[in-house]
Amino acid sequence: MRQLLLTITFIVSTAISQEYVDAFLKIGATPRTISLGQAVVALPQNPGGYLVNPAASGFSMGRSISGMYINQFGMADFYSVTTNYQWRSKWQVGLNVVNLSIDNIAEKPDLRQVIDLETRRDSIRTLVAQGFTMFRDTETGIFVNLARNFSVNLDLGWQITPFSVLIPVGINIKILHKELYNLIGNGIGFDLGSMLSFRLSEAIGYDWLGELTLGFAVTDVIGSMVYWNSGKYENISAGLVTGIAYRQQFRKMPLDLILLFQDHSIETEHQIGIEAVLKNMIVLRLGNKYGEYTGGLGLKLKIADIPLSIDYGFSDHDLGNAHRIGGSFTF
């Protein structure tokens with residue numbers, strides 16, 4: 001009987017506090033979302049937030065492309081590519097890919113049944129001398145994202161002036177493909193999400209107040225299955241993510257501040273994030289994801305009238321800090 005030393009189990013456990021077959025998706029798609037502790041279910045104008053809320057791209061206009069690369073502790077490579085474009089002037093369509101790969105995982109025999117110490121010693125020496133067979137783990141997620149923004153005028157009465165509410169809605173169609181040793185698994189799932197966004201200055205009447213956004217998403221709405229060629233399958237249960245975001249722009253200083261809070265039906269701890277944009281150019285981000293501190297920096301530029309963002313993010317872990325770098329541009 002042979003025992004597979006699965007480094008993947010260890011790597012995936014760094015993504016979330018519990019182990020799921022889709023755990024690699026919890027790493028995140030962009031340095032921005034990771035830096036904010038992924039507390040982005042209520043963060044509008046965030047195409048890279050589709051992994052948390054499919055409606056995140058609903059406010060976006062035009063076309064955008066972004067990418068990110070991570071080397072997790074020198075043991076695994078992770079990359080994501082996010083594309084988004086406007087379709088028929090009302091819909092935002094995205095085709096997105098995330099991939100985690102781990103090379104050089106050693107396959108070693110199970111020597112627990114070898115009781116004699118000298119025999120076990122000789123077996124180990126022979127194995128070390130001849131070398132071990134290596135294999136790899138590859139996990140890929142392909143997402144088709146469709147989102148649209150709706151606008152309604154809300155009249156609550158009670159002498160409150162009617163105000164405008166933006167309601168983006170979105171759906172993910174996701175395909176999962178996993179290869180581990182001689183096993184191949186495939187699955188499909190669906191995510192739904194929406195937001196409610198309005199200016200408090202219009203709703204309450206104090207013109208200095210900023211923008212409030214409520215967000216929610218249901219992942220794996222009807223439950224998702226990953227079927228393996230071994231005949232077994234793994235189930236991904238539905239989950240509910242809710243959150244709130246408050247954006248405040250300051251008139252007397254060139255500062256744009258966003259505060260984020262998020263809750264997950266499966267996790268017992270919360271996620272928080274804060275983003276500060278100075279002069280619409282320099283970005284500072286901080287977050288906390290289930291006790292793991294995150295942060296990052298960003299730089300917004302314009303090259304030939306094309307908006308360009310360069311982002312860096314990090315998170316702490318017992319193994320050391322994980323660093324991410326990525327960029328995006330809109331055209």
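The values are calculated or read from the model by the stated rules, or taken from the named source; none is laboratory data. All values reported here derive from a predicted model rather than from experimental measurement. Every residue, glycine among them, receives a Cβ derived from its backbone with ideal geometry; neighbour counts consider all protein chains shown.
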Inset, instruction - Would you check if G327 is surrounded by 15 or more Cβ atoms within 10 Å (Cβ to Cβ), modelled with pLDDT under 90, in contact with a Leu (Cβ under 9 Å, 6 or more places away or on another chain) and not acidic (D, E)? - result: yes
Inset, instruction - Report yes if some residue within the range 230-241 is over 18 Å from the mean Cα position of the chain (by Cα), within 30 Å of N186 (Cβ to Cβ) and polar (S, T, N, Q); otherwise report no. - result: yes
Legend entry - Residue ID - farthest from S164 (Cα to Cα), chosen from residues in the range 184-234 that are touching a helix residue (DSSP H, G or I) at 6+ places or on another chain (Cβ under 9 Å) and of a type in the set (D, E): D191
Inset, instruction - Being outside any loop (DSSP other than H, G, I, E, B), surrounded by fewer than 14 Cβ atoms within 10 Å (Cβ to Cβ) and of a type outside the set (D, E, K, R) narrows it down to one of L299, L259, so name that one. - result: L299
Inset, instruction - May I ask you to list the residues in the range 153-183 that are among the aromatic types (F, W, Y) and in a strand (DSSP E or B)? - result: F163
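Take the residues in the range 262-280 that are charged (D, E, K, R) and assigned to a strand (DSSP E or B), then tell me which one is surrounded by the most Cβ atoms within 10 Å (Cβ to Cβ).
Checking each candidate, the answer is E275.
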Inset, instruction - Hey, can you tell me all the residues within the range 199-211 that are surrounded by fewer than 18 Cβ atoms within 10 Å (Cβ to Cβ) and in a strand (DSSP E or B)? - result: R199
Inset, instruction - Return the only residue of G215, G231, G273 being of a type outside the set (S, T, Y) and over 21 Å from A42 (Cα atoms). - result: G231
Legend entry - Options T82, T133, T119; residue that is surrounded by 21 or more Cβ atoms within 10 Å (Cβ to Cβ), among the hydroxyl-bearing types (S, T, Y) and modelled with pLDDT of 70 or more: T82
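Search the range 46-87 for residues being assigned to a loop (DSSP other than H, G, I, E, B) and within 16 Å of the chain's Cα centre (by Cα), and hand back the single one that is nearest to L308 (Cα to Cα).
N46
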Legend entry - Residues located in the range 219-239, provided they are modelled with pLDDT of 90 or more, of a type in the set (A, V, I, L, M, F, W, C), under 19 Å from I173 (Cβ atoms) and not in a loop (DSSP other than H, G, I, E, B): V226
